[in-house]
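Enquirer: To start, I am sharing the structure in question, which I have written as structure tokens.
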Amino acid sequence: MALGLAYAGSVQAKPVDIWISSFQDQLYYENMVKLYKEKVDKNFEAKVQAFGFREMPEKLAVSIKTGINPPDVVQLDEVLFGAFLAGEVPFLDLGDRIKKAKLDKDIAKSRRSLFAYKGKTYGLPQSLSAMVLYYRTDLFKEIDIDPASLTTWEKLVSTGKKVVKDHGKAMIALDPTYFGILLRQRGSDLFGKDGSVYPDREAAIEVLGWMRKQMESGVGMVPERASIFDPLFFNSAVQFGEVLTVVGADWYGLDMLQQFTPDLKGKWGAMPLPAWKLPNGKLSRRTSTFAGQGLMINKGSKQPDAAWKFIEFVITNKESNARRFLDGNSFPAYTPAWKDERLLQPNEFFSNQKFGELLVKLSPEVPEVVGHPNRAKAIFLFQETFFNSLIYGELKPAEVVDKMKTMLEAAEPGF
């Protein structure tokens with residue numbers, strides 16, 4: 001890819017406005033601006049602004065509607081991207097640019113359509129977002145559990161029941177996001193490609209039933225604020241060794257586990273997700289996916305070419321991809337970066353496991369995410385309204401699926 005070009009003679013009208021949906025990412029992007037100026041265009045100027053995960057789409061929607069101070073480059077999580085698909089999409093179609101840069105081939109196959117809708121591609125993913133089962137290596141050793149033996153969810157549950165009985169610990173932390181994660185692992189999703197809600201109703205009911213059973217048996221535990229992303233979870237259940245495993249994407253381990261459990265360095269490991277036994281008798285894939293940031297260009301940008309050149313650089317540059325992994329963010333979706341030995345070395349935090357190597361091995365099994373204007377609504381509706389009712393037995397799994405299906409089918413698309 002010809003990114004060694006120097007645009008030293010270019011004259012930029014004003015700084016490129018870059019809006020980031022993660023405060024942790026601000027320093028990374030400020031460093032990428034410096035690197036871009038050093039490697040590509042010494043006259044390039046950019047202003048990086050960071051917002052919260054849920055704050056970002058609200059501010060972006062207001063800016064798009066009013067036309068006041070609109071950004072050029074937008075970083076948005078795939079979970080929230082769907083909210084902008086109702087009506088006219090406010091991002092540029094990057095399809096031609098992506099093909100010209102050969103990124104239609106160099107991005108991991110399952111991630112190419114992550115920010116696409118109705119034949120147009122609006123963004124490029126930054127992370128592979130492969131799901132693994134993170135486990136406490138110290139507790140597994142203490143209790144004498146071989147992680148290689150947990151090849152199916154059935155085996156994990158069986159082992160978990162012994163852990164509860166003999167040691168009084170939970171085998172796995174439960175979270176609302178597992179609904180979609182486990183559905184995708186089984187080959188389904190929250191929406192069908194035809195726009196239908198819960199296209200495999202039986203699979204949805206089975207996944208919810210499984211989650212509830214783990215809570216009832218004590219094999220599973222729900223964090224105090226019902227979220228594995230809340231700092232309280234790390235400071236309580238994890239810190240006190242009350243739970244042995246948690247399901248998370250590459251970015252969960254690289255970012256959140258390292259950030260919130262630094263004293264547990266060398267006491268974490270990662271393994272493929274246990275497989276489901278499917279109705280046809282076969283075993284499911286050993287990974288899934290959830291969330292992940294992407295970069296796109298606001299349709300109202302006055303500097304789309306400058307914005308694209310910066311995005312292309314961030315996605316393809318060797319050092320850019322390495323720093324995202326090594327500095328504790330995510331594993332890149334850009335496949336040529338996987339040849340960088342720095343991403344494949346033993347990782348001290350994960351008990352000297354070759355974490356990057358595990359992610360590369362799982363990459364062919366990572367499923368696609370089916371986009372929909374109400375994807376964010378479906379995720380937050382379950383999280384905020386139905387998760388506790390399911391877990392604590394107020395509603396049966398079939399009731400949750402049918403109630404949510406009715407509400408989502410009646411909901412206006414978008415925000």
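We did not get these values from a lab; they are worked out from the coordinates using the rules stated. Not measured: the values here are computed from a predicted model. Backbone-built Cβ (ideal geometry, glycine too); neighbour counts: all protein chains shown.
Enquirer: Of all the C-alpha pairs in the stretch 274-359, what % are more than 23 Å from each other? Before the final figure, lay out the partial values.
Expert: Details: 1601 of 3655 pairs.
Tail of P(r) above 23 Å: 44 percent of Cα pairs.
Enquirer: Using Cα atoms only, what is the angle between the long axis of helix 201-217 and the major principal axis of the chain, expressed in degrees (0 to 90) to the nearest 10?
Expert: Approximately 60 degrees, to the nearest 10.
Enquirer: Ok, one more. In nm, to one decimal, how far is the A398 label point from the F53 one, both placed 7 Å along Cα→Cβ?
Expert: The modelled label-to-label distance comes out at 3.4 nm.
Enquirer: Based on the Kirkwood radius over alpha-carbon pairs, what is the Stokes-Einstein translational diffusion coefficient of the chain at 20 °C with 1.002 mPa s viscosity, in µm²/s? All intermediate terms of the calculation are to be shown ahead of the outcome.
Expert: Values: Rh = 22.2 Å.
Here the translational diffusion coefficient equals 97 µm²/s.
Enquirer: Taking just the C-alpha trace of the stretch 201-346, give me its Rg and Dmax in Å.
Expert: Taking only Cα atoms of the stretch 201-346, I get Rg and Dmax of 19.3, 57 Å.
Enquirer: Run through every distinct alpha carbon pair of the stretch 189-266 and return the Kirkwood hydrodynamic radius in angstroms, one decimal place.
Expert: Details: mean 1/r = 0.0682 Å⁻¹.
Computed over Cα pairs of the stretch 189-266, the Kirkwood hydrodynamic radius comes out at 14.7 Å.
Enquirer: Filter the cross-link list K100/K354; K42/K99; K193/K282 down to pairs whose alpha-carbon distance in this structure exceeds 32 Å. Please report the intermediate quantities before stating the final value.
Expert: Working: K100/K354 34 Å; K42/K99 27 Å; K193/K282 24 Å.
Listed pairs above 32 Å: K100/K354.
Enquirer: Please report the antiparallel percentage of the DSSP beta bridges confined to the chain, to the nearest 5.
Expert: Details: 26 of 38 bridges.
Antiparallel bridges: around 70 percent, rounded to the nearest 5.
Enquirer: Could you tell me the convex hull volume per residue, in Å³, taken over the Cα atoms of the stretch 222-282? Don't jump to the answer; show the numbers that get you there.
Expert: Working: hull volume 6.6 nm³, N = 61.
Cα convex hull per residue, to the nearest whole number: 108 Å³.
Enquirer: With a Cα-only, solvent-free Debye model of the stretch 114-233, what are the log10 I(q)/I(0) values at q = 0.11, 0.16, 0.20 Å⁻¹?
Expert: Log-scaled intensity ratios, in q order: -0.49, -0.92, -1.25.
Enquirer: Semi-axes of the equivalent ellipsoid of the stretch 45-200: what are they in whole Å, largest first, if each equals the square root of 5 times a C-alpha gyration tensor eigenvalue? Can you show the working numbers first?
Expert: Details: eigenvalues 312, 72, 57 Å².
Rounded to whole Å, the semi-axes are 40, 19, 17.
Enquirer: What are the radius of gyration and Dmax of the stretch 1-133, computed over its Cα atoms and given in Å?
Expert: For the stretch 1-133, the Cα-based Rg and Dmax read 15.8, 50 Å.
Enquirer: Separate question: Only loop residues by DSSP count here, and only those with at most 16 other Cβ atoms within 10 Å; note down the chymotrypsin sites (Phe, Trp or Tyr not before Pro) in the stretch 366-401 that meet that.
Expert: Values: sites: F380, F382, F386, F387, Y392; in loops: Y392.
Those that pass, being in a loop and sparsely packed, are Y392.
Enquirer: What does the charge dipole of the chain about its Cα centre add up to, to the nearest 20 debye, if the Cβ of each Lys and Arg holds +1 and the Cβ of each Asp and Glu holds -1? Before the final figure, lay out the partial values.
Expert: Values: 54 positive and 51 negative charges, 179 e Å.
The calculation lands at about 860 debye.
Enquirer: While we're here: From the square roots a ≥ b ≥ c of the eigenvalues of the alpha-carbon gyration tensor of the stretch 281-415, which class results: rounded (a/c under 1.5), prolate (a/b over b/c), or oblate? Please report the intermediate quantities before stating the final value.
Expert: Numbers: a/c = 2.69, a/b = 1.39, b/c = 1.93.
Since a/c reaches 1.5 but b/c is at least a/b, the shape of the stretch 281-415 is classed as oblate.
Enquirer: For the stretch 290-415, what is the charge dipole size about the Cα centre, in debye to the nearest 20, if Lys and Arg each add +1 at the Cβ and Asp and Glu each add -1 at the Cβ?
Expert: Numbers: 15 positive and 16 negative charges, 63 e Å.
Dipole size: approximately 300 debye.
Enquirer: Angle check, please: helix 55-66 long axis (alpha carbons) against the longest principal axis of the chain (alpha carbons), in degrees 0 to 90, nearest 10.
Expert: Value to nearest ten degrees: 40.
Enquirer: Between the DSSP loop rule and a limit of at most 15 other Cβ atoms within 10 Å, which trypsin sites (Lys or Arg not before Pro) in the stretch 116-157 are left?
Expert: Of the trypsin sites (Lys or Arg not before Pro), the ones in loops of the stretch 116-157 whose Cβ has at most 15 other Cβ atoms within 10 Å are K118.
Enquirer: Helix-only mean residue ellipticity at 222 nm, the chain, DSSP H runs n ≥ 4 weighted -39,500 (n - 2.57), per residue, nearest 500. What is it?
Expert: On the way: 15 runs with 143 residues, N = 415.
After summing the helix terms and dividing by residue count, I get -10000 deg cm²/dmol.
Enquirer: Go through K109/K302; K37/K105; K169/K267; K118/K377; K141/K361 and tell me which ones have a Cα-Cα distance over 22 Å in this structure. Please list the in-between numbers first.
Expert: Values: K109/K302 31 Å; K37/K105 27 Å; K169/K267 17 Å; K118/K377 20 Å; K141/K361 25 Å.
In this structure, K109/K302; K37/K105; K141/K361 lie more than 22 Å apart at Cα.
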